[in-house]
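Only the coordinates and a few stated rules stand behind these numbers; no lab work does. None of the values given here were measured: they were computed from a predicted structure. FYI the Cβ positions are ideal-geometry reconstructions off the backbone, even for glycines, and counts take in every protein chain you see.
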Amino acid sequence: MDQKIKIGILITSGILIFFLGYGLGNILQVKVCDQKVTTEAVNILSSKIITSVTAYGRITKIDGTNVTLNSLGEDLIILIPDSARVYSFLTADGKQASTQQIVKFEDLKIGNSINVSLKLLPSGKFEAASVIILPTVE
């Protein structure tokens, strides 16, 4: 093989490897950056400074102490521990009450509209601090 062809192949291979490495480096850097931002967000939202965030939606599933909340087509599974307070603006027959009352976790029903004060745990899962059962707006 001619010496010039060998050098041309070598230079072309080097340029190809350089651009391949550059592209892979950029892809990996973006993934690491995204993971860092997510980790920072979890750390901030699970800190003692952020006492809670709020979620609103309808209960679509109750599995033990986990409640699945749906709003605008998105689901969120929330752990409701024994320490969480549950309040209701509904009477026993399901009508709107004039004041909120303390109720039990067992009073939560599929289809209830609820407002939940949440705490983000370091694991990235949400835990309820309090739940308010709201009158359903049709």
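Descriptive notes on the structure:
- Here the Kirkwood formula puts the hydrodynamic radius of segment 53-134 at 12.7 Å, using every distinct Cα pair.
- Remark: relative contact order (segment 53-134) = 35 percent; criterion is Cα-Cα distance under 8 angstrom and separation of 6 or more residues.
- Highest average packing first - 7-13, 83-89, Cβ atoms within 10 Å: 83-89, 7-13
- Karplus-derived 3J(HN,Hα), 6.51/-1.76/1.60, for each residue of segment 6-17, Hz, glycine and proline x: 4, 5, x, 5, 5, 5, 4, 4, x, 5, 4, 5
- Potential extension, ASN70-ILE44 segment - 0.36 nm per residue separation minus Cα distance: 6.9 nm
- Estimated inter-spin distance, ARG85 and ILE5, nm [label 7 Å along Cα→Cβ]: 8.5
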